[in-house]
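Notes follow once the structure below has been shown.
The values are calculated or read from the model by the stated rules, or taken from the named source; none is laboratory data. No experiment lies behind these values; they were computed from the predicted model shown. Note that each Cβ is placed from the backbone with ideal geometry, even for glycine, and that neighbours are counted across all protein chains shown.
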Amino acid sequence: MKKALKFFLYIAGIFVAILVAMNILVPVYVFDEPVPFHGDYLHNPYQDIDSTWWKCCNFHGHTRQYGGVTNGRNNGNEVYDSMYRMFGYDHVGISDYNKVNGYEEGRDPGFIPAYEHGYNVWKIHQVCLGTKKVRRIDYFFYQTLSHKQHMLNKLGEQNRVVAVAHPSFVDGSYNVRDMKYLSNYKVLEVLNGFVNSPEHWDMALSNGHLVYLIADDDTHDVLKVNDIALRITYLNAKENDANQLYDALLSGKTVGIDFKLDRKETMDDKVERFKRDMPRLNHAQLNGGRFDVNVTKPIKKAEFIGQNGMILKADCYDANDSIFNAAYSIQPSDQYVRTVVTFFDGTTMWLNPVTRHESPVVDKQRLDHISYLWTAVLWLIYAGIIALLIKMARKIHAE
């Protein structure tokens, strides 16, 4: 019995040592101060969209894997696919934990190899799209800004698109203040089936990080009416083709929908309402400094939001008004303007921002640099601590 216990403790010790090693062997990053959007050129990602091209997509959802250890509940591949097809989705994405699920390949012409990276205790996760290789390493314990930036950089080397996933999910995950400095990720999961994260998005945008939104169900049980068709990404792409979907995501030709949830309705009723009541964006165009938005359903409220999440303008309408248009004249002091449209059934439509730049060449800023000096100092401290712990362990063992 004692031998078995010692063996178990030995194996557990090795496992914990590996987790600790992964957590500490990360370079120290220093960050430049961010530069907010500025300049006379206004960039509008929707200027040349075609309103007949919208593709209904979900990129974040889970099937039952690893014998049910991960949270996929009733989501077998066939059930998962058929439920989303029933709602009329063009792109059905599966992002199992640390594993690419190839079920949709051949079924979905826009198949994108994807997975959700991360198994740390703080739910600091990323949705990886266009995966070349699954990254098995994660930082299980507390993560500093350096850990988060290093992981985004490494994932960026192995994936076409990396999205920061559900940053508001738990305290200690991606903090709002992190978004001031983090860069080198492509999109932000602003709308998620569990939690929305507009504060994180506004922090990033207010500090000049041009990151566009993505909206996902983060599905864990497609048979529940409150777990499917909640947060939807619409991509403006002519064809349901992987490269066109990537291009739309990266260029901001995306609209996020927060679809009104009715927990009392049946799944069949929800499908019918989804197909009947889903709003669409007809256009969102800049005419000089005036930003005009036109949608397919009457507007209850249109909000134009700017620096630090400040509401620049909010227009409210009565149901009898039947208003389909909203507009805002962008001021010289506005560094970015994003739009949220609320409809009378409670559904909201989220648009990507119009941003200021010095020229039509829109560059995305990078703020991170590895400090080799501070990395060496920190690793020497770690080495000293480890040596001291080994010495103490040997002394205890000898006694």
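Per-structure values
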quantity: In the stretch 105-133, the residues that are surrounded by 15 or more Cβ atoms within 10 Å (Cβ to Cβ), outside any strand (DSSP E or B) and of a type in the set (A, V, I, L, M); calculated: Ile112, Ile124
quantity: Selection from the stretch 215-247 of residues that are assigned to a strand (DSSP E or B) and touching a helix residue (DSSP H, G or I) at 6+ places or on another chain (Cβ under 7 Å); calculated: Leu235, Asn236
quantity: Residue under evaluation Leu250, criteria (1) within 13 Å of the chain's Cα centre (by Cα); (2) assigned to a loop (DSSP other than H, G, I, E, B), criterion not met; calculated: (2)
quantity: Selection status of Ala383, under 23 Å from Asn282 (Cβ atoms), without any contact (Cβ under 8 Å) to a residue 40 or more places away in the chain and of a type in the set (Gly, Ala, Ser); calculated: no
quantity: Residue in the stretch 290-297 that is closer than 30 Å to Tyr84 by Cβ, of a type in the set (Phe, Trp, Tyr) and modelled with pLDDT of 95 or more present; calculated: no
quantity: Check on Gln365, outside any strand (DSSP E or B) and under 27 Å from the mean Cα position of the chain (by Cα); calculated: yes
quantity: Candidates Ser333, Ser371 - the one that is among the hydroxyl-bearing types (Ser, Thr, Tyr) and surrounded by 13 or more Cβ atoms within 10 Å (Cβ to Cβ); calculated: Ser371
quantity: Complete set of residues in the stretch 79-104 that are crowded, with 21+ Cβ neighbours inside 10 Å and not in a loop (DSSP other than H, G, I, E, B); calculated: Tyr80, Met83, Tyr84, His91, Val92
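Results for (1) more than 30 Å from Asp363 (Cβ to Cβ); (2) surrounded by 11 or more Cβ atoms within 10 Å (Cβ to Cβ); (3) modelled with pLDDT of 95 or more; (4) outside the structural domain of Trp350 (by TED's automatic domain parsing), shown as yes or no for each residue.
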residue: Lys6; (1), (2), (3), (4): yes, no, no, yes
residue: Phe15; (1), (2), (3), (4): yes, no, no, yes
residue: Glu33; (1), (2), (3), (4): no, no, yes, yes
residue: Gln47; (1), (2), (3), (4): no, yes, yes, no
residue: Ser51; (1), (2), (3), (4): no, yes, yes, no
